[in-house]
1. Can you tell me the length gained on complete extension of the stretch residue 755 to residue 124, counting 0.36 nm per residue apart and subtracting the Cα distance?
2. What is the Cα centroid distance between region 362-414 and region 594-608, reported in whole angstrom?
3. Scan the chain and report its longest stretch carrying no GluC sites (Glu not before Pro) that are both in a DSSP loop and have at most 12 other Cβ atoms within 10 Å.
4. Taking the Cβ of residue 311 as the centre, find all other residues whose Cβ is under 10 Å away and add up their charges (Lys, Arg: +1; Asp, Glu: -1).
5. Say R0 is 35 Å: what FRET efficiency, to the nearest 0.05, do residue 267 and residue 335 get from their beta-carbon distance?
6. Enumerate the amide H contacts of residue 340 below 5 Å, restricted to partners 5 or more residues apart or on another chain; note that Pro and chain-start residues carry no placed amide H.
7. Local charge sum around residue 267 (other residues, Cβ-Cβ under 14 Å, Lys/Arg +1, Asp/Glu -1)?
8. Need one number: nm distance between label points at residue 465 and residue 407, each 7 Å from Cα along Cα→Cβ, rounded to one decimal.
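The values are calculated or read from the model by the stated rules, or taken from the named source; none is laboratory data. Nothing here was measured: the structure is a model prediction, and the numbers come from that model. Neighbour counts run over all protein chains shown; Cβ positions are idealised from the backbone, glycine included. The protein model used for the area step is the full one, side chains on, heavy atoms only, and it has no ligands, DNA or RNA in it. Shrake-Rupley method; radii C 1.70, N 1.55, O 1.52, S 1.80 Å.
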Amino acid sequence: MHLAGLLAAIALSALVATYLGLSLIVFTTIVAVIHCILMFIVGPTTFALVSLAVFVILAAVLNVRLFRRFFITDNFLKLFRKLVPPISQTEREALEAGAVWWEKDLFSGRPDWAKLHAFRAPKLSDEEKAYLDGPVEKLCRMMDDWKITDEHHDLPKEVWDFLKKEKFFGLIIPKKYGGLEFSALAHSEVILKLSSRSLTSAVTMMVPNSLGPAELLLNYGTDEQKNRYLPGLADGSEIPCFALTEPQAGSDASSIVSRGIVEKGVFNGKEIIGIRANWDKRYITLAPIATLIGLAIKLYDPNKLLGGKKDVGITVLLVPSNLPGVEVGARHDPLGIPFLNGPTRGKDVFMPLDYVVGGAPYAGKGWRMLMERLSIGRGISLPSLGTSAAKLAARSVGAYSRVRTQFHLPVCRFEGVEEALASIAGHAYAVDATRRLTVGAIDDGARPSLASAMAKYNVTERMRTVCNNAMDVQGGAAISLGPRNIMGRAYQGIPVSITVEGANILTRTLIIFGQGVIRAHPYILKEMDAAASKDPVRGPMEFDCLFFCHVGFTMSTAVRTFVSGLTCGAFLPSRPGSMAGYYRSLGRMSSAFALVADAAMMTLGGKLKRMEKLAGRLADVISNLYIASAALKKFADDGYPEGDKPLVRWVCEDSLFRIQTALDGFLLNLPNRLVAASLRVAVFPYGKPFKPPDDKLGSKVAHVITEPGAARDRLTSGIFLPKGTEDPLGRIEDALLKVIKAEPAAKKVQDAVRDGKIAALDQIEQAEEAAGLGLITDDEKKAAVDAETARRAVVAVDEFPADYWTKRDAETGGAAK
């Protein structure tokens, strides 16, 4: 009896202490107290004395560092060094670039929801709002995207002039240098609005405000360099580009072969110590017209003229394009989206050392500079562009599906179409929430490299899904290019977004989890540093402390995951309100992710980063945790609007199902089947609990974008909404209101047709005949005729004379594609 009581007490204490993550010394104290109570109750029996002796031995081994290291830690350190390779300098610079933010909570398995909701909701200043309502709105009205893409294959001169005059290239440049000094949110909103009108214009202004000379100068440039270049970059008299990618180095930017040699030479009639550079770069946006080239090369100093090592390392230069030997001007054609993109080459280009960004002291620091600043642009530019496409699809295709009829019904009434509409609306909410959470972090001074990678990958991938669904719903109208087409160019631009600023496949399989787990995990990077320490005393001591903290963390996560699975997260922190269950479910999956990630690292070690399919599935888990938490944050920031509830629920249920699918796939393919089976019991004790959004919820979500209202306006806010019916989106908006207004009359007419009272086949003639028979009023007839006229304007597609392309190419010199 006493034995059973003792064992039960110890087991329960262990379970509670481990679940709560109590320290080893606290747990030891609890067990010691239990033994003392037992001794007091039953006296010094044989069992009690043996139990106490075993406890004292274990307590000594685990709590006394000398014993612990001798019996456990030092032996494991040897194994750790074999399993986990040391971090290279290149990897370390990539890891140390930027910082971890909310994603660290998600990696910990214990997300602090109060912390999430304490983050400041990003807001535009009055000046930024005026800029969006003024110059950005005017620019959108100026542009004709069909002429830009099909006739000019470039932005017209008046657009270029306007971009420069209104400082679209100087959004991030401080006012003291002539820029606008806008927030990350304003930067994002400008891209979002322009993208909904013209991808070409959006990409054109993205580069000067993203990873380029201005961003690098602001953070690393000398005062002389800032004063020399930033005013020109702000007013557009200097056109920048940034040249990194080359034929032998795409996503693996560290393997660039463009090189520079430090040597003596003559520049402007004087002999100086400078750099002679040779490069061959491609896919460089704005290179064809750039006046200032940000250039990444590998720098060598064979004669040690700089006083350091011969292999200096990756270095970033600012190169005027008019230097002898510089080649610009040629263009690529990125899938018919005519932003200026092309190669740049340099042959024996000699320049002073002060062309190094930051001057000679920054020679060799280019890789760190690129890694630190790339995360900022990656978190703003492409997530904004992808969100714009999703919002545009939600606004236009949702309305189109209400206007377009088949079999005498709006196509949105067909369940197959409704399913696609729900996907469009749900993903639009998800990507906008992700975008806003990420730019909010940047505006708060964070450098969220992992969050930026997740935002770029997931927003552009969901953009692909949304555009595919939009094309399906619009059908023939979507594939017929011309001035009336609204989604065709967005669809064409998908691979561009997927590819640039880090190809999505590698972002998912190498960066999000591969680098993210090391950065965001509470112990693994510190353990790696301790294991690699050259100090034979301090290194093992630090590893000992970190290792046992890590073991305690893993044990706590395992118990927490299993208990949360058994109780469906009933004891996990949440937030009050209708979304409470989603907070608990996400907390449960965060704990499961932390456990699975730890198990993967322990069983696979350094091999995990080469097992990209497994790493990619874990990236999917953390990404969807981030997206769902972003949706919950947006819902709260917006004031919990009732009309948005279906959208938030859809995003959370979709994310939880994706998380479950990714974890299931990981466990199915984890090589150690015993560990996989044990993890499955802990993560899914009753089987897989989550389902994708059901049809009823999907119907509610689809309804948001097929019905005018506040929820639809919130979901699609920020895109360009044209006035009048000259633009395809303007025609759709006009038709939606007219069709809804005429629906009661249309039903009366259709009933009369079905009853044989009306013989006409044409819808307008049917309305006129119904009015003549007194079946509808004159006002109803007018509404029906106006609606049908508007509907026909929406469903019409472009057609061209047989000689259109011949004449066009003759007029443009064959430049248009």
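1. Values: separation 631, 0.36 × 631 = 227.16 nm, distance 5.72 nm.
Stretched fully, the residue 755-residue 124 segment lengthens by 221.4 nm.
2. With region 362-414 and region 594-608 each reduced to a Cα centre, they are spaced 34 Å.
3. On the way: sites that count: 726, 799.
The longest uninterrupted stretch comes out as 1-725.
4. Numbers: positive: 298, 309, 310; negative: 301.
Charge balance in the 10 Å sphere: +2.
5. Here the calculated transfer efficiency is 0.30.
6. 286
7. Working: positive: 264, 270, 276; negative: 263, 271, 348, 354.
Local net charge: -1.
8. Inter-label distance under the simple model: 2.7 nm.
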